[in-house]
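Everything below concerns the one structure shown next.
The values are calculated or read from the model by the stated rules, or taken from the named source; none is laboratory data. Keep in mind it's a predicted model, so treat the numbers as computed, not measured. Quick reminder, even Gly has a Cβ in these numbers, built from the backbone with ideal geometry, and neighbours come from all protein chains shown. With ligands, DNA and RNA removed, areas are computed over all heavy atoms of the protein, side chains included. Shrake-Rupley method; radii C 1.70, N 1.55, O 1.52, S 1.80 Å.
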Protein chains: 2
Amino acid sequence: MSSGLPELDRGECLRLLAGAAIGRLVFTHAAMPAAHPVNFLVDGDEIVFRTCPDGPLLRAVNGVVVGFQADDVDPATRTGWSVLAVGEAYEITDPQRLAELGPRLPTRCAPGRTAHTLAIPTRRLTGRALTHA
Amino acid sequence: MSSGLPELDRGECLRLLAGAAIGRLVFTHAAMPAAHPVNFLVDGDEIVFRTCPDGPLLRAVNGVVVGFQADDVDPATRTGWSVLAVGEAYEITDPQRLAELGPRLPTRCAPGRTAHTLAIPTRRLTGRALTHA
């Protein structure tokens, strides 16, 4: 989507994402647009986050092409950046990868509930510098 | 969408939105999920923002049912809030309303370009306290 704002390359998008702690899953729920903030990390070319089994995100995004957006915008100067990834979310089930990711991505679920770990391959990754000043 | 997290009532959602300077339009572009940060204000029950005529947002959201999301999450404690509005965006053309909104919502477009002012009626407004701690 062209906007006239400076576009960021893939490497810069991944670098900015890696420095952000909070991003937003962008998806459709009940035929309506939805977005929900999550803690996440960048693992290789994938966005990884965890969700509890009693939450709605697992059903809404697992196996679905979703967006993932993060930004850092200064309201006063209206400058900053925004990055949008799009890819098909999947659940990570490989024990070795889960063991490696676990300490980097804490999630507290209700007692007796184990978090699910989801990944979004950044099949499409676009970003823009916001320079309205 | 039930999540087990404490739900916020409409008044609280509007109050939190009114205190946020940056929110994100959540929409579909080229059949893919998209989100884009904008400065905005709450005017009555509506979310109001401006966009320049050479930007992509006008075409993508005017007359379209879109989402609008804002949040404030502390990455360390993973607590905060997230609010999601859904409604059909429309362009405000009433001169009196535009005159009243203008000073509250500055937008700098390229020389010779006049910003368009869009509103999203909060037909649906949901919010949650994020209390993962």
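Just the residues that are aliphatic (A, V, I, L, M) and within 8 Å of another protein chain (Cβ to nearest Cβ), please, taken from segment A:6-56. Even if it seems obvious, please write down each step before you answer.
Just the residues of segment A:6-56 that are aliphatic (A, V, I, L, M), to begin with: A:8, A:14, A:16-18, A:20-22, A:25-26, A:30-32, A:34-35, A:38, A:41-42, A:47-48.
Result: A:21, A:22, A:26, A:30, A:32, A:34, A:35.
What's the total number of residues in segment B:101-128 that are open to solvent by less than 90 Å² (accessible area, probe 1.4 Å) and more than 18 Å from the chain's Cα centre (by Cα)?
3
Quick grid of which residues meet (1) in contact with a Lys or Arg (Cβ under 8 Å, 6 or more places away or on another chain); (2) at pLDDT 90 or above:
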residue	(1), (2)
B:65	no, yes
B:73	no, yes
B:81	yes, yes
B:91	no, yes
B:110	no, no
B:114	no, no
B:124	no, yes
B:128	no, yes
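What is the one condition in (1) surrounded by fewer than 22 Cβ atoms within 10 Å (Cβ to Cβ); (2) touching a residue at least 24 places away in the same chain (Cβ under 8 Å) that residue B:96 does not satisfy?
All conditions are met except number (2).
Mind listing whichever residues of segment B:31-76 are under 22 Å from residue A:131 (Cα atoms), in a loop (DSSP other than H, G, I, E, B) and hydrophobic (A, V, I, L, M, F, W, C)?
B:40, B:52
Going by what's in this entry, would residue B:17 be described as more than 16 Å from residue A:25 (Cβ to Cβ) and not basic (Lys, Arg)? Walk me through how you get there before you give the answer.
Working: more than 16 Å from residue A:25 (Cβ to Cβ): yes; not basic (Lys, Arg): yes.
Taking the combined requirement at face value, the residue satisfies it.
If residue A:107 satisfies all but one of (1) touching a Leu at 6+ places or on another chain (Cβ under 9 Å); (2) within 10 Å of chain B (Cβ to nearest Cβ); (3) over 20 Å from residue B:57 (Cα atoms); (4) of a type in the set (Ser, Thr, Tyr), what's the number of the condition it fails?
(1)
Of the numbered conditions (1) open to solvent by 70 Å² or more (accessible area, probe 1.4 Å); (2) in contact (Cβ under 8 Å) with a residue 24 or more places away in the chain, residue B:48 fails exactly one; give the number of that condition.
(1)
Take segment B:9-30 and flag every residue that is small (Gly, Ala, Ser) and either open to solvent by less than 40 Å² (accessible area, probe 1.4 Å) or part of a loop (DSSP other than H, G, I, E, B) (or both).
B:19, B:20, B:21, B:23, B:30
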